[in-house]
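Notes for the one structure printed next.
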Amino acid sequence: GLQDGACYDFNGTTSSIDIGSEVIGTNAVTVSAWVKTDGYGENNFGRVVDNGQQYIYTSSVTAQIFFKRSIGGTAAEAPWPSTNHGKWIHVAATSTAAGALKIYINGIDSTTTAGSGSPTAGTTNTFIGNTSNSDRTWDGSIRDVKIFPSELDAADIRKLYAGENPKKNLNVELVVSG
């Protein structure tokens, strides 16, 4: 796993990073990041990324991590027990252009419920660690956020987890090296 080092720290109440534009889009996408939770975040729904309509978040209500891309669709779900708190964990969420969603934890497809639904265009800039409303702050640390304009396959996700470059185009790379 990842060792402690330079990262973006979110306090669970007011922190956020505004990317400056909406970068997730409505086509196929992969969002990956190394995350460490101290808790489930503000209002028990801390965001890793959010653009007003599409987001990755944890929930204390169900002890899961979710990836959702549409208003009428369903979220992909994977377990996120409180035993994950305090540990660096690699999360990658993938989506086809049609909205078939998966979540990978530490390079392994951990999806327990596959998400679906046509992606809805973001209504705000893309935020790291919160929403544009500042009401879902991440509680913990985030580093090495990468947003790819394609659905990476399992082999590429394993490369990301191993710290290798899958040699794909990036929409955003927000990297903090430790």
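Since every read-out is calculated from the coordinates, none of them should be taken as a lab result. In this text, all values refer to a predicted model and were calculated from it rather than measured experimentally. A quick note on method: Cβ atoms are made from the backbone with ideal geometry, for glycine too, and the neighbour counts reach across all protein chains shown.
In this simple spin-label model, placing a label point 7 Å from the Cα along the Cα-to-Cβ direction at both Asn133 and Asp109 gives a separation of 3.4 nm.
May I ask which of Lys68/Lys146; Lys87/Lys168; Lys102/Lys167 have a Cα-Cα span longer than 19 Å here?
Table pairs above 19 Å Cα-Cα are Lys87/Lys168; Lys102/Lys167.
Close amide H pairs (under 5 Å, H built 1.01 Å from N) link Trp80 with Gln64, Ile65, residues at least 5 positions away or on another chain.
For the stretch 25-37, the Karplus equation 6.51 cos²θ - 1.76 cosθ + 1.60, evaluated at θ = phi - 60°, returns couplings of x, 10, 8, 4, 7, 10, 10, 10, 6, 8, 10, 9, 9 Hz by residue, with Gly and Pro reported as x. With K and R counted +1 and D and E -1, the other residues having a Cβ less than 9 Å from that of Ile142 yield a net charge of 0.
Cross-link partners among aspartates and glutamates for Lys159, C-alpha distance below 18 Å, same-chain residues fewer than 8 apart left out? The qualifying aspartates and glutamates are Asp109, Asp144, Glu151, Glu173. What separates the Cα centres of the stretch 86-154 and the stretch 51-77 is a distance of 8 Å.
Taking a ≥ b ≥ c as the square roots of the Cα gyration tensor eigenvalues, with a/c under 1.5 meaning rounded and otherwise prolate when a/b beats b/c, else oblate, which class fits the stretch 15-81? Since a/c reaches 1.5 but b/c is at least a/b, the shape of the stretch 15-81 is classed as oblate.
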